[in-house]
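I have placed the structure first, in the form of structure tokens, so that the comments after it can refer back to it.
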Amino acid sequence: MTVPGAGGLGAAAFTVDPWDPSYGQAFGAEQAGGGLDDSTAELDLDLELPAAGWRPLDPDVHPALPAVVQFLDGVRRIDARVWVHAGGRQPATGVAASLAAGVVTCDGAARVAEVVVERGLFTAAPEAVEIKTRAATYPARHAVGPGFDQLSLAMQQRLSDIEIELALAVRGSGGAGDDLLVVDGPLRSRLHLDRTVGYIKTHHASYLPDEQAVVVGALGPGQRTPAFAMGTTWRRNSWYLRLPPSGGGPARPAQGPPWSGVVRIECSADLAAQQVTELADLTARVLPPLASAPHKDPRAPQNLVPIGGLERELRRRLGDQQLLYRALRSAALAG
């Protein structure tokens, strides 16, 4: 939505981001004109088209679509912060956490194919042992340090491992061989999975120079940028895609938020340029019809319908946090 300024010399218009503000915003520093200086990523902008010739691209609609599209996501929750007492030393910090990962399979109808739920005591204390409560058991899992960032990293690494194991199991149990796996979030440790893309709906860094960033703002629904290679602590290929506007209406309001409905997609850097182009075109055909609507999801349109439904199911499967918290308190008192 665009609202004119109050009038007078220098009055400015402003736009309102369509995401529910409780979720932050879909883009941070990354927007048209954001500038490459905001990122230390190494870029190869000539992967698909010469950088000087970048323009919005329509996908090739002739190749056959995959028989199955699968969506992989995971959630985590801290049930309680704990102190681990052992060895006569200063107590060590830890968190008792619940993790869940799941896969939604879309082959004409969407269904949850598999869900895995785990719990764990994440701590750097070497003497830590599992916590048994009347509601759940929390196996001890090692973190490299006691800081919250280190505990959080240990949780995320374990969740990534669960997601990889789950994706391999689901594909191995009946994969068609021509499916597409969409991972919610960056690929990172999942780059080795075949026919897989990472789906990033929130932008935290400005990767593109001004000349290419303006192409993102010019995308129409279902259009994408040329693919480019990027490297930070790990290398991958990437492109931007605009989803249809929330709730219908014009393709994009004049002077609307330039990155509204834009997602970034990435794939393995090991793929040949032609394979990257084919995969990019495939996502531009498969993903836009699955965009969410604002009356159903406050992060529309970026939070795709299968991903939003899977997130809700995973959080339900985590169980009642207050019940688990009371069980942990009771176990601590009894110990």
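The values are calculated or read from the model by the stated rules, or taken from the named source; none is laboratory data. What you see is a predicted model; the values in this text were computed from it and never measured. Glycine also receives a Cβ, built like all others from the backbone with ideal geometry; neighbour counts cover every protein chain displayed. When the accessible area is computed, the model is the full protein with side chains, heavy atoms only, and any ligands, DNA or RNA have been set aside. Shrake-Rupley method; radii C 1.70, N 1.55, O 1.52, S 1.80 Å.
The modelled label-to-label distance between Q275 and R89, using points 7 Å beyond Cα along the C-beta direction, is 4.6 nm. Computed extension gain for A109 through K296, at 0.36 nm per residue and net of the alpha carbon distance, reaches 65.5 nm. Counted by Cβ distance under 14 Å from P139, the other residues give a net charge of 0, where Lys and Arg count +1 and Asp and Glu count -1. Divided by 2.2 N^0.38 Å, where N counts the residues, the Cα radius of gyration of the stretch 109-209 comes to 1.34.
By accessible area, using a 1.4 Å probe on protein heavy atoms only, the stretch 270-333 has 53% of its surface on carbon and sulfur. Within the accessible surface of the stretch 36-148, defined with a 1.4 Å probe on protein heavy atoms only, the carbon and sulfur portion equals 53 percent.
Which length gain, in nm to one decimal place, applies between L153 and A51 when the Cα-Cα distance is subtracted from 0.36 nm times their residue separation? Display every interim value, and only then the final one.
On the way: separation 102, 0.36 × 102 = 36.72 nm, distance 3.60 nm.
Extending this stretch completely gives an extra 33.1 nm.
The slack between R235 and H192, meaning 0.36 nm per residue of separation minus the straight C-alpha distance, is 14.3 nm.
Sort 237-245, 200-208 by the packing proxy (mean of other Cβ within 10 Å over each peptide's residues), most packed first.
For the peptides 237-245, 200-208, the packing ranking is 237-245, 200-208.
Accessible area per residue for the stretch 124-233 is 43 Å², calculated with a 1.4 Å probe on protein heavy atoms, without ligands, DNA or RNA.
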